[in-house]
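The next block holds one structure in the form of structure tokens; read it before the comments.
Nothing in this text is a laboratory measurement; each read-out follows from the coordinates by a stated rule. It should be emphasised that the depicted structure is a prediction, and the values quoted were computed from it without experimental measurement. Ideal geometry is used to build each Cβ from the backbone, glycine not excepted, and the neighbour counts take in all protein chains shown.
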Amino acid sequence: MYDVIVIGGGAAGFYGAINLAELRPDLRIVILEKGKQVLGKVKVSGGGRCNVTHAQFNPKILSQHYPRGEKELVGPFHTHSSEHTVQFFQKHGIDLKIEEDGRMFPVSNSSQTIINCFMEAVERSEIELIRNTVVSDIIVASAASGQSQVFEVQTKTTSYFAKQLLVTTGSSPKMWNILQKLGHTIIEPVPSLFTFNIRDPRIEGIPGLSTKARVKLVTRELPGKKITVSLKSTSERSEELVSEGPLLITHWGMSGPAILKLSAWGARILHDYQYRFRIQVNWVPEYHQQGLFSYFMEVKDIETKKTVSRTHPLDIPKRLWGRLVQASGILPDQKWADVSKKQLQELARELTAGEFLVEGKSTFKEEFVTAGGIDLKEVNFKSFESKLHPGLYFAGEILNIDAITGGFNFQNAWTGSYLAAQAIAAS
């Protein structure tokens, strides 16, 4: 018998248990983890450096990085935002640093620093940690007269009991099935962060090349199903699905923040397309097609004797420029003086609105994130408590909340588990 059982030994589970123990040292708390290892995503996040959070301290703007959960997280972020996360780790002797893109990492550049911090805090607070414990069912036991209900957490060999339960199992189909039996609605999970598989001569043979780009989904109707794009872009509020940022050319296609943001915002529609769709890429986001054509006409008058492929009049990688010049039908030795208006129009189109066919996806490293989970209508976001079962709390990716890459998914975990800890402590 425990006061509180935390199911799931990941980021949200540890953060919630530690904050709860610090608020209420008198409570008997246990973390149940199905595997041998704990804090797996913490270990691999940020290439092993652990992207703890993002340096966006305005709750309203912070919430806009969540394709699912934006509206629900505004209030919680006012209570516990990135700023409070930084304070938590400082209190536990861990200093964080801000990188140019706003991502925050431990100064040590090692995820082990965060893992050690959590493990020491758990030991110090006398929180029990039981590994290799797979939960097979959760039973809401009938309350005795005048007493609150009790949760029975069943495993293959043991039953654990508690009056308060915090579930932080992430994208776990088994746990979602258990919660469905308790009456909760589960939104079908689909991948959220993934890279695009593209085979195209314009980008073949130049992996590792990175440049800023603007990427837009080319929408189409599906047989028997009307697709309505009403998704908000992270670069601008519009009815189009658009993303802007660094784009990385890889051996299998395209990756980088511009692609990952598009995958997150478009998770549902791209799943409906069965990951076969077209994107339009603007390699020079500061230009539109007609403006770039006008610029090329000026270059044509000035650089008459130079070859187009070797002139490189734009701030994009030379190898990419050469590929796009070739794709426009301009010959390798063709000079600016000899290029026709039609060829320059085609070059302007290639640079600002070239289309690429995406044929499949690849999981983004080990940092797998899904869109889907517990329906947000069934959760009280002042406490992250279930509206169906008092005393049952959720935090992290088990909910239908996900974010773009950059530390935002962890921040959702920290915020939800902290508010749950506060509510449990108060009750």
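Of note:
- Cut-off under 5 Å, modelled amide H: who pairs with LEU129 long-range: ILE31
- Annotation: amide H-H contacts under 5 Å for ILE401 (H modelled 1.01 Å from N, sequence separation of 5 or more, or interchain): GLY372.
- Whole-angstrom gap from the stretch 332-394 to the stretch 37-90, using each part's C-alpha centre: 20 Å
- Burial ordering of THR133, THR415, fewest other beta-carbon atoms within 10 Å first: THR133, THR415
- Relative contact order for the stretch 235-320, counting Cα pairs under 8 Å that sit 6 or more residues apart, in percent: 16 percent
- Debye intensity ratio in log₁₀ form over the Cα atoms of the stretch 324-427, taken at each q of 0.13 Å⁻¹: -0.64
- Relative packing of 207-216, 282-291, which averages over residues the other C-beta atoms within 10 Å, highest first: 207-216, 282-291
- Counting every other Cβ atom within 10 Å of each residue's Cβ, THR85, THR53 order from fewest to most as THR85, THR53.
- Taking every DSSP bridge with both residues inside the chain, close to 75 percent are antiparallel.
- Anchor LYS306: lysines whose Cα lies under 21 Å away (excluding residues fewer than 8 positions away in-chain): LYS318, LYS335, LYS341, LYS342
- Taking the inverse of the mean reciprocal distance over all distinct Cα pairs, the Kirkwood hydrodynamic radius of the stretch 194-363 comes to 16.8 Å.
- Near the amide H of ALA213, within less than 5 Å, lie the amide hydrogens of GLY245, LEU247, all on another chain or at least 5 residues away, with H placed in the peptide plane.
- Residue by residue, the stretch 257-269 carries 3J(HN,Hα) couplings of x, 4, 6, 5, 5, 5, 5, 5, 5, x, 3, 6, 5 Hz when phi is fed to the Karplus relation 6.51 cos²θ - 1.76 cosθ + 1.60 (θ = phi - 60°); x denotes Gly or Pro.
- Scaling the Cα radius of gyration of the chain by the globular reference 2.2 N^0.38 Å produces a ratio of 1.15.
- Rel. contact order, % - alpha carbon contacts under 8 angstrom, at least six apart, the stretch 194-363: 31 percent
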